[in-house]
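Just so it is clear, none of the values below were taken in a lab; they were calculated from the coordinates. Note that the structure is predicted; figures quoted are calculated from it, not measured. Cβ: placed from backbone, ideal geometry, glycine included. Neighbour counts: every protein chain shown.
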Amino acid sequence: MAERAAGHRILVIDDDEKLLTVYEGLLTRRGFTVTTCPDSTQVMPLLKSSAFEVALLDIRMPGLEGSDLLPLMKKACPELPVVLVSAYCDEATAGYYHALGAFDMITKPFSHEALLDAVGRALQQQEQIPVTLTSLSLREGRDQLYRKLILAALRRTGWNQVKAAELLGVSRYCLIRWLKKLGISY
């Protein structure tokens, strides 16, 4: 595994060492911090020890294939946009990979512009939640922050409480209690 440059942090998972060098060169020239991982079995420990803003994932790899790794990555880091970059991405499989949690798909061989465009869109989609505190009360500040987070999670999941609770890392029962406490109804 290698890491270089300063900027947005990108994790690249691909078993092709030559292609990892191409990714690294292209992305570091654009100011990204790139961490490469040629072994798909090392991705989960890497996700637990470091924070990334975008992941680029190959589908066909020895050990753990990308289609098996993607749901694990999304469970560990649901907010992490994962862009699949593979020769096995096509229109017929697009729905399947999106259902697994893929942000976008790029077919190999790819143009540098297509890759940079997908990374740029993935970075832009990350939600920023502005909070303006109306008092210095910790309780009121907590409630304002929780309200914003809960509403953002509900919007992101199409107002599905089960998925929103999972995204927030709480039980559905806990989410319902907070909805009642904060007076959120929809």
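If a spin label sat at a point 7 angstrom from the Cα of Lys163 along the line to its beta carbon, the backbone N atoms of segment 73-113 nearer than 19 Å would be those of 73-84, 94-105.
For the chain, the longest principal axis of the alpha carbon atoms and the long axis of helix 91-100 meet at an angle near 50°.
Taking the charge dipole of segment 2-125 about its Cα centre, with +1 at Lys and Arg Cβ atoms and -1 at Asp and Glu Cβ atoms, the residue from Val43, Leu72, His8 reaching farthest to the positive side is His8. Going through segment 67-167, which GluC sites (Glu not before Pro) have at most 16 other Cβ atoms within 10 Å and a DSSP loop state? Loop-located and lightly packed - Glu79, Glu127. Relative to the Cα centre, the charge distribution of segment 2-125, modelled as +1 at Lys and Arg Cβ and -1 at Asp and Glu Cβ, gives a dipole magnitude of about 360 debye.
Think of the chain as a dipole: +1 on every Lys or Arg Cβ, -1 on every Asp or Glu Cβ, centred on the Cα centre; then among Ala55, Val162, Leu115, Val162 lies furthest on the positive end.
To the nearest ten degrees, helix 112-125 and the longest principal axis of the Cα atoms of the chain are 10 degrees apart. Taking the fewest neighbouring Cβ atoms within 10 Å as the starting point, the ordered list for Lys181, Lys108, Lys18 is Lys18, Lys181, Lys108. For segment 1-68, the orientation-averaged shadow of the C-alpha convex hull comes to 4.1 nm² (one quarter of the hull surface). By its C-alpha gyration tensor, with a ≥ b ≥ c as the square roots of the eigenvalues, how is the chain shaped: rounded for a/c under 1.5, else prolate for a/b larger than b/c, else oblate? Because a/c hits 1.5 or more and a/b exceeds b/c, the chain counts as prolate. A straight Cα-to-Cα reach below 25 Å connects Lys18 with the lysines Lys108, residues fewer than 8 places away in its own chain not being considered. Note on the chain: GNM, Cα springs under 10 Å; of Val12, Val43, Val131, the largest mean-square fluctuation is that of Val131. For helix 66-76, report the angle its Cα long axis makes with the longest principal axis of the Cα atoms of the chain; keep it between 0 and 90° and round to the nearest 10°. It is inclined by approximately 30 degrees.
The convex hull around the C-alpha trace of segment 138-182, projected and averaged over every direction, spans 2.7 square nanometres. In the elastic network of the chain, a GNM with C-alpha springs shorter than 10 Å, the most mobile of Asp143, Asp58, Asp90 is Asp143. Distance from the C-alpha centroid of segment 99-177 to that of segment 17-32: 28 Å, rounded to the whole angstrom.
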